[in-house]
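Notes follow once the structure below has been shown.
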Amino acid sequence: VSERADIRDVRNDVRGFFVTLRCRGCGESFERYLRTLAGLALGEYACPACRQVQRMEPEAFLDAVRRAFAEVDAETACALADAAAGIAERWHRAPELAELLSHRGVALGPPTERELHALFLRGLQRGGGGDPG
Amino acid sequence: LSRPAVLFFDVGDAGFVPLVDRVARAGLLPVVQHASLAHALAAAGVEHRAWDDFVPAERDAALASEYLRFLDGLADAFARPEVVGAFDSRLGNPLPAVKEPFFSLLLVLLLRQVAAIDQLDRLAEQLDLRLLVLGSDNSHVQRALVGRARALGIPSLQLAHGIYPMPFARKAGEMDRLYADHVAVFGKRARDILLELGNDPDRVQLTGSPLWDALYEEAARMPRDRACRELGLDPARPVVLLCATYTDGSCVEFRRKALRHVGLHHAMARAIAAHPERPQLVVRPHPNEIKRADLSQDDVAELVRAYAHWCALRDQPVAALSLDDRIAAIRAADAVVVESSSTVIAEALILERPVVLLRAFDPPVYGEADGVVVCELDELPAALARALGDASDGKLARRRARALPELNHQNDGRATERVAALIERLAQTGAQPSAPPAAPAAPRDALRTAVSELLRGV
């Protein structure tokens, strides 16, 4: 028997979304990769502590997305994307990191840009420099 | 070191077997990294070597040593204000909010690159490696391999897996910026976008899509009645195929995208109800949606049950779910509704089916030349009715004649031959790798304005 999922938080990365769920049985919080089908958040998620199963519903996930991420207009969206991209492309070029971030002559920083962009975007969307919430 | 070798990395679709077979017949030795392609090649009797044969003997110890080097080095470097200051932006510094995931993700990204570079070196020591062929070139491992291959004087070729759209907002390291030395693109439309973004024309090769060749074969012209029966549908009633998509979290528009999936399902239900013949609705999820989640068969079955349950509770008229039967699903359909800019648009046109295009969040790659365009979900009933009429009044034939030659080069089902010839040329002539990629082109202001207007309506 599954209970409706109690979604406490949502985070994004380059693969998709991760949800933090709170078990309605024992109160344990745990994070899982969100499963979707045809774009709808679905699936069952077992609590790692008591194995009670929670059932994801698309509408509950959308409510959680609305809570976790403020709506932004197109201009703000572009500014956020620009800022996150700039950081992803810049941080690894610091002279102090040049030798550390290389292997057999290959610079290892530039290949990380796409994956880290999503992370910096999340940090900025949640009020860069502030409480991650 | 006798036969020149070609490494196929992240090329996994079994539809590439004819391509690898041609490469092998041309006297090159294919080395294959992706297990599903290796399995298909073995079944087809195509000689190849496995990428896993070249794992260095001391890999784990080497990685452990690098892990410690990164850990110590990062701890030292991030104690310096100038390193942390590189994360400043006019919207703030995101590092405090994402410090833990940043370092844990960074270490994983670095170690995966080190492992791949060492393995490539091992391969290059043992074989006469002439070319690196990639299924895409935007992941950290793919890019590390391109960088190391370039240093070794080995060129690289990316097989495009779609028509890369003009970006709505800047994404670091996105596909619109070529990383591999060459890319084999589907058609003129894809090439024009890459050139408009400032990529070097000599690196963008027009070939067509090898994975679409099978759609031109007689076997793919499955009669509609048979396709309907395979999906358990009534051939006497109209069929609408909805090709859905999913949302990843890498772009700034993900919030809007995530919210639209449910809305689209409800809009489809209204469109079906509004049509006098009540078409049967088939939903086809994006194939990568399940692949990227790395689910077991039981997990997929559970997800399908959950989807059916949700549809039943919300009066969603889904008659069938299409997971593996792409050609049957398209050939059964009288109209194909596509949720985003997707290769399935060209696939439907090749298979002679009209398309309804739901405007994507990125600037459009596809438009009125390809199908009926929908900007707002409440336009869907009228658009569906129009698309269902397209086949009968000759519009579809005109669209196909106009759109397909620029979507799939030559529109002849012979892209495999052209890609194989390109691979042979690059591998046999000792083509020199290109210079590292230049800075990305900035999106055009006019484009941004147009997209801003589009987003207001969503």
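Of all the criteria given as (1) part of a helix (DSSP H, G or I); (2) more than 9 Å from every other protein chain (Cβ to nearest Cβ); (3) in contact (Cβ under 8 Å) with a residue 24 or more places away in the chain, the one not satisfied by B:VAL141 is (2).
When the criteria are applied in full, B:VAL55 fails the requirement of being within 14 Å of chain A (Cβ to nearest Cβ) and under 30 Å from A:HIS92 (Cβ atoms).
Can you tell me which of A:THR112, A:THR76, A:THR36 is over 26 Å from B:GLN113 (Cβ atoms), of a type in the set (S, T, N, Q) and either at the interface with another protein chain (Cβ under 7 Å from one of its Cβ atoms) or touching a residue at least 24 places away in the same chain (Cβ under 8 Å) (or both)? Among A:THR112, A:THR76, A:THR36, only A:THR36 is over 26 Å from B:GLN113 (Cβ atoms), of a type in the set (S, T, N, Q) and either at the interface with another protein chain (Cβ under 7 Å from one of its Cβ atoms) or touching a residue at least 24 places away in the same chain (Cβ under 8 Å) (or both).
Screening B:ILE154 against (1) hydrophobic (A, V, I, L, M, F, W, C); (2) more than 9 Å from chain A (Cβ to nearest Cβ); (3) without any contact (Cβ under 8 Å) to a residue 60 or more places away in the chain; (4) not in a helix (DSSP H, G or I) leaves a single unmet condition, (3).
Filtering the range B:345-360 to residues that are crowded, with 24+ Cβ neighbours inside 10 Å, touching a helix residue (DSSP H, G or I) at 6+ places or on another chain (Cβ under 6 Å) and not in a helix (DSSP H, G or I) leaves B:ARG353, B:PRO354, B:VAL355, B:VAL356. Go through the range B:304-316 and give me each residue that's under 29 Å from the mean Cα position of the chain (by Cα) and within 17 Å of A:ARG4 (Cβ to Cβ). Selection gives B:ARG305, B:ALA306, B:TYR307, B:TRP310.
Residue count for the range B:333-344 under the criterion of being over 21 Å from B:ALA274 (Cβ atoms) and either more than 14 Å from chain A (Cβ to nearest Cβ) or part of a helix (DSSP H, G or I) (or both): the result is 3.
So is A:ALA70 in a helix (DSSP H, G or I), more than 7 Å from chain B (Cβ to nearest Cβ) and among the hydrophobic types (A, V, I, L, M, F, W, C) or not? Judged against the criteria, A:ALA70 is not a match. Being touching an Asp or Glu at 6+ places or on another chain (Cβ under 8 Å), part of a helix (DSSP H, G or I) and either within 27 Å of B:ARG260 (Cα to Cα) or more than 7 Å from chain B (Cβ to nearest Cβ) (or both) is a description that does not apply to A:GLU59. Entry remark, the range B:183-203: residues being within 17 Å of the chain's Cα centre (by Cα) and of a type outside the set (D, E, K, R) number 8 in total.
Hand me the list of helices (runs of 4 or more DSSP H) wholly inside the range B:41-134 holding 3 or more residues that are touching a strand residue (DSSP E or B) at 6+ places or on another chain (Cβ under 7 Å) and either at positive phi or surrounded by 14 or more Cβ atoms within 10 Å (Cβ to Cβ) (or both).
B:95-126
A short reminder: the numbers here are calculations on the coordinates, not readings from a lab. It should be emphasised that the depicted structure is a prediction, and the values quoted were computed from it without experimental measurement. Ideal geometry is used to build each Cβ from the backbone, glycine not excepted, and the neighbour counts take in all protein chains shown.
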